[in-house]
Structures are given as structure tokens and as C-alpha cells.
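Heads up, the thing below is written out as C-alpha cells.
The values are calculated or read from the model by the stated rules, or taken from the named source; none is laboratory data. Every value quoted in this text rests on a predicted model; they were computed, and no experiment measured them. Using ideal geometry, Cβ is built from the backbone for each residue, glycine included, and neighbour counts are taken over all protein chains shown.
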Amino acid sequence: MALKCGNCGHEGLRDEFKFICRVADPGPDAYRRCPKCKSPVYSEELEQDELSGDIEVWGLSSLRGEVFKREPEDKE
């Protein structure tokens with residue numbers, strides 16, 4: 001997957017851009033550092049399985065977005 005720096009225009013593979021941090025904990029998006037000008041670059045961190053072609057999203061599950069509420073306790 002190729003990335004392009006919006007600051008200097010350097011374009012290269014995702015592995016060339018050093019990982020800085022995640023944008024949000026449960027999501028796959030991250031910031032990487034441009035090897036040329038050291039500016040942060042937004043990156044969609046999705047992994048694609050080359051054999052099956054399926055996209056695997058990090059940190060997502062079937063419970064994402066669900067709201068869980070405790071049953072009210074009966075006071076005696």
C-alpha cells in the first residue's frame with residue numbers, strides 16, 4: 001500500500017513511513033511519519049489477506065456500537 005505525504009509530496013510504501021500512533025484506540029486508522037520531512041501522515045491501517053482477498057479490520061467486533069444497560073435492582 002502506497003502512502004503520499006501531503007507536506008513534501010514524498011510517495012512510498014507504508015513500511016517506509018514510521019508508525020507514530022493510532023488515531024483512536026478501537027479503530028484501524030493511524031499516523032505515520034514521513035521519512036523525508038518527518039511530518040505526520042494519516043494512514044488507513046487495513047490488512048488484506050493475499051490468499052482470500054478479505055479485509056481484516058483491527059479492533060472491531062460484533063459488539064461494537066452496542067449499548068449495555070444494567071437491569072434495575074428491585075429494592076425491598
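The table below gives the values:
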quantity: Count - residues of segment 15-46 that are modelled with pLDDT of 85 or more and either touching an Asp or Glu at 6+ places or on another chain (Cβ under 6 Å) or among the basic types (Lys, Arg) (or both); calculated: 7
quantity: Matching residues in segment 1-34 - criterion: being closer than 14 Å to Glu45 by Cβ, charged (D, E, K, R) and not in a strand (DSSP E or B); calculated: Arg14, Asp15, Asp25
quantity: Pair list, Cβ under 9 Å, 6 or more apart: segment 40-51 residue surrounded by fewer than 16 Cβ atoms within 10 Å (Cβ to Cβ), other residue modelled with pLDDT of 85 or more; calculated: Tyr42/Leu3; Tyr42/Gly6; Tyr42/Ala30; Tyr42/Tyr31; Tyr42/Arg32; Glu44/Ala30
